[in-house]
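This report concerns only the one structure given below.
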């Protein structure tokens with residue numbers, strides 16, 4: 001019997017594969033457990049159409065994420081830390097960077113910002129922002145000493 005796999009099945013194939021199995025195995029195990037359906041031309045076409053739509057949606061999402069990454073790559077965030085003879089007070093955190101990006105109409109979650117620990121010293125930092133689907137942007141963060149008045 002020809003079947004279309006709905007889920008990955010060990011030693012048989014991956015989701016979407018059309019394979020030939022014994023009738024009893026298909027009727028008594030694969031189909032009742034929801035691992036497969038009998039492969040008719042209409043079901044195969046329907047499954048291919050669904051996969052095509054999913055791929056189109058994924059491609060649109062990737063294009064959108066790439067545009068956001070390009071926008072992030074062009075941005076520079078200038079922040080300041082209070083400092084004295086003893087050192088610097090405060091830090092630049094994921095939340096601050098997230099708020100800066102929100103002000104530039106870029107909505108991301110603070111967990112997407114790859115900052116191992118808060119920035120506590122002046123300097124120039126490249127902060128990686130993981131947008132998903134293997135796409136990331138790098139925000140340049142300039143941290144300067146806040147001028148005391």
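Condition check for residue 43 on (1) more than 28 Å from the chain's Cα centre (by Cα); (2) in the same structural domain as residue 103 (by TED's automatic domain parsing): one failure, at (2).
Of the residues making up segment 8-21, those that are in contact (Cβ under 8 Å) with a residue 12 or more places away in the chain and exposed (fewer than 13 other Cβ atoms within 10 Å of the Cβ) number 1.
Taking the criterion of being exposed (fewer than 10 other Cβ atoms within 10 Å of the Cβ) and over 15 Å from residue 15 (Cβ atoms), the residues of segment 33-51 that qualify are 41, 42. Annotation note: of 92, 108, the sole residue that is crowded, with 16+ Cβ neighbours inside 10 Å, within 30 Å of residue 135 (Cβ to Cβ) and out of contact with any helix residue (DSSP H, G or I) (no Cβ under 8 Å at 6 or more places or on another chain) is 92.
To keep it simple, each residue is scored yes or no on (1) within 15 Å of residue 113 (Cα to Cα); (2) not in a strand (DSSP E or B).
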| position | (1), (2) |
| --- | --- |
| 61 | no, yes |
| 66 | no, yes |
| 69 | yes, yes |
| 72 | yes, yes |
| 78 | no, no |
| 82 | no, no |
| 88 | no, no |
| 97 | yes, yes |
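The single condition among (1) at pLDDT 95 or above; (2) loosely packed, with under 14 Cβ neighbours inside 10 Å; (3) over 30 Å from residue 131 (Cα atoms) that residue 57 does not meet is (3). Just a yes or no: is a residue in segment 71-91 over 30 Å from residue 146 (Cβ atoms) and in contact with a strand residue (DSSP E or B) (Cβ under 8 Å, 6 or more places away or on another chain)? No, segment 71-91 contains no residue that is over 30 Å from residue 146 (Cβ atoms) and in contact with a strand residue (DSSP E or B) (Cβ under 8 Å, 6 or more places away or on another chain).
The values are calculated or read from the model by the stated rules, or taken from the named source; none is laboratory data. The structure presented is a predicted model; accordingly, all values stated were derived computationally and were not measured. No Cβ is skipped: glycine too gets one built from the backbone with ideal geometry, and neighbour counts run over all protein chains shown.
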